[in-house]
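Q: I'd like to ask you about the structure that follows.
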Amino acid sequence: MITKQKSKFSTAFLAGIVVVLLLLGGVYLLTKYLKQEVVTEERLPMTEVEQTYVSRVQFADPKMSRAANFLNQEVTFVFGTVVNNGPKTIRQTEITVEFRDIFNQVVLRDPRRPWGPQAPPLVGGQSRDFQFNFEHVPADWNQAYPSLRITGLLLE
């Protein structure tokens with residue numbers, strides 16, 4: 001009788017090990033093959049030429065609004081226009097958006113690109129609208145329009 005119970009225990013133990021190994025193998029395969037590839041954009045250059053040209057690029061028509069999305073979460077929209085007042089053509093720009101609190105301390109800093117790499121370049125004298133969406137802005141934000149600063153520029 002003891003050998004029969006021992007035999008059942010051994011069989012159940014081995015079956016349990018097989019199930020655990022199959023689960024671990026499935027998790028491994030899922031994480032290996034279904035892993036989302038994180039694409040990080042490289043920072044745009046800010047050599048001396050770009051730093052000098054930044055003074056010719058302005059932001060106009062600042063606007064902001066908040067709305068609730070379908071999950072009833074507040075989304076903050078920052079709108080504006082990038083104006084190229086210089087003679088050079090801008091292929092790409094990176095704008096750092098900074099939200100501040102009542103003590104003027106930065107509570108959120110986020111670099112964004114106002115248009116994608118496939119968009120036509122911004123020729124000298126032209127302007128282009130932009131919109132940034134923020135799903136979460138810290139509660140201690142002072143509710144003022146965020147500061148915008150060009151932190152990367154790619155010129156032609």
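The values are calculated or read from the model by the stated rules, or taken from the named source; none is laboratory data. Not measured: the values here are computed from a predicted model. All Cβ positions, even for glycine, are placed from backbone atoms using ideal geometry, and neighbour counts span all protein chains on display.
Q: Given the options LEU71, LEU122, LEU155, LEU108, name the one that is within 19 Å of the chain's Cα centre (by Cα) and either exposed (fewer than 15 other Cβ atoms within 10 Å of the Cβ) or under 22 Å from ARG43 (Cβ atoms) (or both). Don't jump to the end; show me each part of the working.
A: Working: LEU71 fails: within 19 Å of the chain's Cα centre (by Cα); LEU122 fails: within 19 Å of the chain's Cα centre (by Cα); LEU155 fails: within 19 Å of the chain's Cα centre (by Cα).
Sole residue among the options that is within 19 Å of the chain's Cα centre (by Cα) and either exposed (fewer than 15 other Cβ atoms within 10 Å of the Cβ) or under 22 Å from ARG43 (Cβ atoms) (or both): LEU108.
Q: What are the pairs, 6+ residues apart or on separate chains, where a residue within the stretch 66-90 that is farther than 30 Å from PRO121 by Cα has its Cβ under 8 Å from a residue that is surrounded by fewer than 16 Cβ atoms within 10 Å (Cβ to Cβ) and of a type in the set (Lys, Arg)?
A: Close Cβ pairs (under 8 Å, with a partner that is surrounded by fewer than 16 Cβ atoms within 10 Å (Cβ to Cβ) and of a type in the set (Lys, Arg)) amount to GLU74/ARG66.
Q: What's the total number of residues in the stretch 22-46 that are surrounded by 10 or more Cβ atoms within 10 Å (Cβ to Cβ) and modelled with pLDDT of 65 or more?
A: First pass over the stretch 22-46, keeping only residues surrounded by 10 or more Cβ atoms within 10 Å (Cβ to Cβ): 22-30, 41, 43-46.
Next, only the ones that are modelled with pLDDT of 65 or more stay: 22-30, 43-46.
Number of matching residues: 13.
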